[in-house]
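Visitor: The following block contains the structure, expressed as C-alpha cells.
The values are calculated or read from the model by the stated rules, or taken from the named source; none is laboratory data. Since the model is a prediction, treat every value here as computed from it, not as a measurement. Ideal geometry is used to build each Cβ from the backbone, glycine not excepted, and the neighbour counts take in all protein chains shown. The protein model used for the area step is the full one, side chains on, heavy atoms only, and it has no ligands, DNA or RNA in it. Shrake-Rupley method; radii C 1.70, N 1.55, O 1.52, S 1.80 Å.
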Amino acid sequence: MKPYRPAFALKNFSSLAPSKPPISVQNVETFIDARSIKTGFDPNTCRSNFMVENLLRKGYLSTARQVFDQMPSRNTVSTNMMISGYVKSGDLLKARHMFDTMLDRTAVTWTIIIGGYVQKSQFHEAFKLFAEMRRHDTQPDPVTFATLLSGCNDAEADNELVQVHGLVLKLGYHSSIIICNSLVDSYCKTDHLDFASRVFEDMPERDSISFNALINGFAKDGLTEDAITLFLQMQNLGFKPSDFTFAGVLSAAIRLNDLAFGQQIHGFLVKTGFVGNVFVGNALLDFYSKYDCLVEAGKLFDEMSDLDGISYNVIITCYAWSGQHEEAISLFRELQFTGFKRRQFPFATMLSIAANVLDLRMGQQIHSLAIVTTADSELVVGNSLVDMYAKCGRFEEAEKIFRSLAKRSTVPWTAIISGYVQRGFHEEGLNLFNEMHKAGVRADQATFASILKASANLASLSLGKQIHSFVIRSGYMSNVFSGSALLDMYAKCGSIKDSIQLFQDMSERNIVSWNALISAHAQNGDAKATLDSFEKMVQSGFQPDSVSFLSVLSACSHCGLVQEGLRYFRTMTRIHNLVPKKEHYASMVDMLCRSGQFNEAEKLMDEMPFDPDEIMWSSVLNSCRIHKNQELARKAADQLFSMEVLRDAAAYVSMSNIYAAAGQWDNVGKVKKAMRERGIRKVPAYSWVEIRHKLHVFSANDMLHPQMEEIRKKIEMLSKQMEKEGYKPDTSCTLHDVDENIKIESLKYHSERLAIAFALISTPEGSPILVIKNLRACTDCHAAIKVISKIIRREITVRDSSRFHHFKDGICSCGDYW
C-alpha cells in the first residue's frame with residue numbers, strides 16, 4: 001500500500017477563502033451584511049463573493065466565472081476563489097492565466113497555484129513558483145510549506161527538498177508540527193530515511209501523523225522490524241492509530257514473511273473497529289493476496305461492507321497471480337457495473353491474463369476498454385499491451401505501441417524481446433536487445449533470461465559467452481535467476497561441463513537453479529546424473545516441484561528407465577503432494593509406448609483426469625512406427641486427424657511413414673491427400689552449425705552454400721571410409737517409392753550430414769562439433785554419425801528436437817534407445 005501522504009494542504013484550500021455561510025435562503029442577506037460590516041469589505045463585493053463561492057461549491061464553474069466577470073469591483077478573495085475553482089476542476093491553464101494577471105497576490109494565492117501543480121505531479125514547476133514567491137517577498141506560511149512538500153515524492157527532488165528544509169529552519173518553522181510531518185513524509189518518499197528519522201527525533205511535539213509517516217517510510221524501504229517497533233512505541237505512548245497506521249504495518253508484515261503476525265493485526269483491527277474502513281480493508285486484502293491466501297482474501301472481500309475500485313483491483317490481481325483466471329475475469333465483469341472510476345480498472349492485470357493464456361481476442365477487448373477510458377496512455381498499461389500483443393505473436397501491433405510509449409524503460413523492451421524469443425524469432429529478439437543497449441536502457445535479469453534463451457535455442461555458444469560477460473559487467477552474476485539462465489544456456493549449447501561449473505560456483509541456490517541443473521542432465525540424456533541431482537536437491541532441503549519431476553520423467557523416458565519413471569511418478573502424489581499435470585502424463589505415455597507397453601499406456605490415458613491431447617497421441621503414433629503397431633497407429637492417427645487444430649503436419653507424416661515402411665503406397669497417397677486438403681504442410685528439416693561466430697544453415701540436398709562443392713567432396717570421402725567400417729545405409733528411412741540407389745544417394749545429403757561435413761572442413765582437427773537440427777534425426781543418420789565420429793576421432797554433438805546425442809568413438813550417449 002502507498003505510504004502516508006499529507007492531504008491537509010489541499011483540504012484547507014476552502015478555508016483560505018471566506019467562511020462558507022449557511023445554505024438557508026432567508027438568512028443569507030442578513031449574514032452577508034453582518035460579515036461585510038465585520039470585515040470592512042464592500043457589501044456588493046462581499047455579496048458577489050458569496051455567490052461565486054456558492055456556485056463553485058455546487059460545481060457550476062462557468063456560471064461562477066460569469067458572476068465573477070460581472071462584478072463591478074473584485075478583491076483578492078474573489079480571484080483566489082476562482083483560481084481555486086479552476087485548480088479543483090483540473091484546468092490548470094486557466095488557473096495559471098488568472099494567477100499571472102493578478103497584481104495583488106497573497107500567500108494564499110501562491111499556495112493555491114502551487115497546490116495545483118502539485119496535484120498534477122509537476123513538482124519542479126511548483127518549486128519554481130515557490131522560488132518566485134520568495135523573490136516577490138511573500139512570506140510562505142505552514143500551509144504553503146505543507147502543500148509544496150506534499151508533491152516532493154521522488155528521488156529527483158532531492159536538491160529542492162533540502163532547500164525547502166533549510167528555509168523552514170531559517171524562518172523558524174522547525175517546531176511546526178504540520179511542516180515537520182510533511183518533511184518526514186517527503187524524506188521517506190525520496191528514500192532518505194536517515195533524514196526522516198532525524199527530523200522525527202528532533203520534533204518537539206509529535207502526533208499520529210508523525211508516526212504514520214515514518215512507519216510507512218520504514219515499511220516501504222523494507223525496514224520491517226523498525227516499522228513494527230515504531231508502531232508498538234506509538235501504542236505505548238497512547239497515540240491513536242489511524243487507517244494510514246495499519247496500512248504501513250500491514251505493508252511491513254508482508255515483508256516480514258510472518259502470516260501469523262498479519263493475522264494478529266487482523267484481530268486487532270476487528271477489536272478496534274478499523275476492519276470496516278475500506279482503506280484498511282484494502283491493505284488487509286493486499287496482505288492476504290501477497291501470501292497467496294486465496295480463501296482468506298476471498299472471504300475478506302465478500303465480508304467487506306465498503307468496497308472501492310482498489311478492493312476490486314487487489315482481489316482480481318490476487319486471483320490472476322494464482323492462476324485463477326476465471327475468477328479474475330468474473331470479478332472484472334462485475335467491476336464494470338460498479339460506479340468506480342473506469343480509468344483505474346486493473347487493465348494491466350487483465351492484459352497479463354490474456355498474454356499468459358494467449359487469448360488475443362480478450363486482450364483486444366481489454367485494449368478497446370482502455371482506449372475508451374484513456375487508460376492506455378498510462379505507462380503500466382502501455383507496457384502490458386506491448387507484452388500481450390508480443391506474446392500473442394502480433395508483433396506489428398506490439399511494435400506500434402512500443403514505439404509510441406512516452407518512456408521506454410526496461411519493462412517494455414524486455415516484453416517485446418521476450419515476445420519475439422518465445423515465438424521462435426530469436427534473431428529479431430537479439431537485434432532488439434542490441435537496439436536497447438544502444439539506447440542506453442539497462443537490461444535486468446528478465447532481459448538477460450530472454451536473450452540467453454535466444455542464444456540457447458540458436459545453440460550459439462560464442463553469443464552465449466558474450467552475454468555471460470555482459471551479465472558479469474551488469475552486476476547480475478550473483479543473482480540466482482541469471483545464474484540459472486546461464487546454466488540452461490550452456491546446457492542447451494551442449495557444454496554440460498560449463499553448466500555444472502556454473503552451478504558449483506553459485507553462492508546461492510534455490511529450486512530454480514536446482515531445476516536448471518536437473519534439466520541440463522535430462523536434456524543431455526544422462527539419466528544417472530539427472531536422478532542423482534534430484535536426490536541431492538531433496539537432501540539439501542528443497543521441495544521438488546512439478547518442473548523437477550518433469551525433467552526426471554523425461555530423463556527416464558529418454559533412457560528407457562520405465563520402472564524408475566513409474567516410481568517417481570507415484571512419489572509425486574504420495575510423498576510430495578503434487579498433482580501431476582498434462583505434461584507429466586505425456587512423459588509417462590511416451591515412456592510406456594517407447595518401451596512397447598501400449599496396453600499400460602492406454603490404461604493410463606483412460607484413468608487420467610483429462611482427455612489425451614495432441615502431444616500424447618503423437619507419442620503413441622511415433623512409438624507405433626518404431627514397434628510397427630499399425631492397428632494402434634490408425635487409432636492414434638484418427639484421434640489426431642479429428643482434432644480441430646494441429647501444431648504441424650507431424651501426425652500425417654508419421655502415419656505416412658508407417659504405411660511407407662510397410663510398402664502400402666496407396667495408403668501413403670491417401671494420407672498425403674488428406675494433409676493437402678486440410679492445408680497442412682510438412683515442416684522442412686534443416687540443421688545449422690556455428691563457425692567463427694556465424695551460423696551456417698543447411699537443408700536436405702542443399703546446393704546453395706558457397707562451399708557446397710567442398711562439402712560434397714568431404715561427404716563422398718567419408719562415405720568410402722564408412723563403407724570400410726561396415727556401415728550399410730538403412731533405406732527404410734527414405735520413404736519414397738523410388739529406386740534403391742536413389743534412396744542411398746539421398747541419405748548421404750541429409751541436412752545434419754551436410755552440417756557435419758562443413759564443420760570438418762572449417763575447423764581444426766580434433767575440435768568438437770555441435771550441430772543443431774529442428775526435427776528428430778532419422779535412424780540412418782544416427783548410425784552414420786556414430787561411424788563418422790569413430791573415423792574422424794572427434795566428439796560430435798547433435799541436438800535434435802527431442803534431446804542431445806553425444807557421439808564419440810562410434811558410440812552415442814543415448815545407447816541407441818532414442
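Visitor: Return the total of residues in the stretch 93-127 being surrounded by fewer than 18 Cβ atoms within 10 Å (Cβ to Cβ), of a type outside the set (A, V, I, L, M), at pLDDT 90 or above and under 28 Å from Asp158 (Cβ atoms).
Guide: Summing the residues that are surrounded by fewer than 18 Cβ atoms within 10 Å (Cβ to Cβ), of a type outside the set (A, V, I, L, M), at pLDDT 90 or above and under 28 Å from Asp158 (Cβ atoms) in the stretch 93-127 gives 0.
Visitor: To continue, here is another question. Go through the stretch 286-404 and tell me which helices (runs of 4 or more DSSP H), entirely inside it, have 3 or more residues that are of a type in the set (Phe, Trp, Tyr) and assigned by the TED database to the domain that holds Ser418.
Guide: Numbers: elements: 294-303, 309-321, 325-335, 347-356, 360-372, 379-391, 395-404.
Ranges flagged: none.
Visitor: Taking into account only those residues within the stretch 201-215 that are open to solvent by 10 Å² or more (accessible area, probe 1.4 Å) and not charged (D, E, K, R), which is nearest to the chain's Cα centre (by Cα)? Spell out the reasoning first.
Guide: Filtering the stretch 201-215 down to residues open to solvent by 10 Å² or more (accessible area, probe 1.4 Å) leaves 201-209.
From the residues that got through so far, the ones that are not charged (D, E, K, R) too are 203-204, 208-209.
Details: Met203: 43, Pro204: 47, Ser208: 38, Ile209: 36 Å.
If we take residues in the stretch 201-215 being open to solvent by 10 Å² or more (accessible area, probe 1.4 Å) and not charged (D, E, K, R), then Ile209 is nearest to the chain's Cα centre (by Cα).
For (1) farther than 20 Å from Tyr420 by Cβ; (2) touching a strand residue (DSSP E or B) at 6+ places or on another chain (Cβ under 6 Å); (3) surrounded by fewer than 24 Cβ atoms within 10 Å (Cβ to Cβ); (4) among the small types (Gly, Ala, Ser), each residue gets a yes or a no:
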| position | (1), (2), (3), (4) |
| --- | --- |
| Ser450 | no, no, no, yes |
| Ser455 | no, no, no, yes |
| Ile472 | yes, no, yes, no |
| Cys493 | no, no, no, no |
| Phe503 | yes, no, yes, no |
| Leu517 | yes, no, no, no |
| Leu531 | yes, no, yes, no |
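Visitor: Here's something else I'd like to know. Would you list the helices (runs of 4 or more DSSP H) that sit entirely within the stretch 197-285 and hold 2 or more residues that are of a type in the set (Phe, Trp, Tyr)?
Guide: Counting at least 2 such residues, we get 208-220, 243-256, 259-272.
Visitor: Given (1) surrounded by fewer than 20 Cβ atoms within 10 Å (Cβ to Cβ); (2) part of a loop (DSSP other than H, G, I, E, B), where does Pro140 come up short, assuming only one miss?
Guide: All conditions pass for Pro140, except number (1).
Visitor: Residues Met722, Met703: which one is assigned to a loop (DSSP other than H, G, I, E, B), within 30 Å of Ser460 (Cα to Cα) and of a type in the set (A, V, I, L, M, F, W, C)?
Guide: Step by step, each of Met722, Met703 is checked, and only Met703 is assigned to a loop (DSSP other than H, G, I, E, B), within 30 Å of Ser460 (Cα to Cα) and of a type in the set (A, V, I, L, M, F, W, C).
Visitor: Turning to a different aspect of this structure: Of all residues in the stretch 216-242 being open to solvent by less than 60 Å² (accessible area, probe 1.4 Å) and in contact (Cβ under 8 Å) with a residue 40 or more places away in the chain, which is nearest to the chain's Cα centre (by Cα)?
Guide: Ala219
Visitor: Could you list all residues from the stretch 635-694 that are of a type outside the set (Asp, Glu) and in contact with a strand residue (DSSP E or B) (Cβ under 8 Å, 6 or more places away or on another chain)?
Guide: Here is the first cut: in the stretch 635-694, the ones of a type outside the set (Asp, Glu) are 635-637, 639-643, 645-647, 649-665, 667-676, 678-689, 691-694.
Pro684, Ala685, Tyr686, Ser687, Trp688, Val689 - these are the residues of the stretch 635-694 that are of a type outside the set (Asp, Glu) and in contact with a strand residue (DSSP E or B) (Cβ under 8 Å, 6 or more places away or on another chain).
Visitor: Search the stretch 782-798 for residues that are without any contact (Cβ under 8 Å) to a residue 24 or more places away in the chain and pair each with any residue that is open to solvent by 30 Å² or more (accessible area, probe 1.4 Å) and not in a helix (DSSP H, G or I) when their beta-carbon atoms are under 6 Å apart and the residues are at least 6 apart or on different chains.
Guide: Here the result reads Ser789/Lys808, each pair linking the stretch 782-798 to a residue that is open to solvent by 30 Å² or more (accessible area, probe 1.4 Å) and not in a helix (DSSP H, G or I).
Visitor: Looking at Ser462, is it within 19 Å of Thr410 (Cα to Cα) and assigned by the TED database to the domain that holds Ile416?
Guide: Criteria not met by Ser462.
Visitor: Go over the candidates Gly309, Gly281, Gly298, Gly273 one by one and state the one that is under 24 Å from Gly222 (Cα atoms) and open to solvent by less than 60 Å² (accessible area, probe 1.4 Å). Write out each step before concluding.
Guide: Numbers: Gly309 fails: under 24 Å from Gly222 (Cα atoms); Gly298 fails: under 24 Å from Gly222 (Cα atoms); Gly273 fails: under 24 Å from Gly222 (Cα atoms).
Gly281 is the lone residue from the list that is under 24 Å from Gly222 (Cα atoms) and open to solvent by less than 60 Å² (accessible area, probe 1.4 Å).
Visitor: Looking at the structure I just gave you, is Ala783 under 21 Å from Ala685 (Cβ atoms), crowded, with 21+ Cβ neighbours inside 10 Å, at pLDDT 90 or above and among the hydrophobic types (A, V, I, L, M, F, W, C)?
Guide: No: the conditions fail for Ala783.
Visitor: Does the stretch 634-684 hold any residues that are among the β-branched types (Val, Ile, Thr) and not in a helix (DSSP H, G or I), and which are they?
Guide: Listed by number, the residues that qualify are Val645, Ile680, Val683.
Visitor: Please identify the pairs in which a residue from the stretch 696-722 that is under 24 Å from Ile791 (Cα atoms) has its Cβ atom under 7 Å from the Cβ atom of a residue that is surrounded by 13 or more Cβ atoms within 10 Å (Cβ to Cβ) and of a type in the set (Lys, Arg), counting only partners at least 6 apart or on another chain.
Guide: Once the first residue is under 24 Å from Ile791 (Cα atoms) and sits in the stretch 696-722, its partners that are surrounded by 13 or more Cβ atoms within 10 Å (Cβ to Cβ) and of a type in the set (Lys, Arg) give Ile715/Lys748; Ile715/Arg753; Ser719/Lys748.
Visitor: Next question, about the same structure. Just the residues that are over 16 Å from Glu378 (Cα atoms), open to solvent by 20 Å² or more (accessible area, probe 1.4 Å) and either touching a residue at least 40 places away in the same chain (Cβ under 8 Å) or in a helix (DSSP H, G or I) (or both), please, taken from the stretch 411-424.
Guide: Across the stretch 411-424, the qualifying residues are Tyr420, Gln422.
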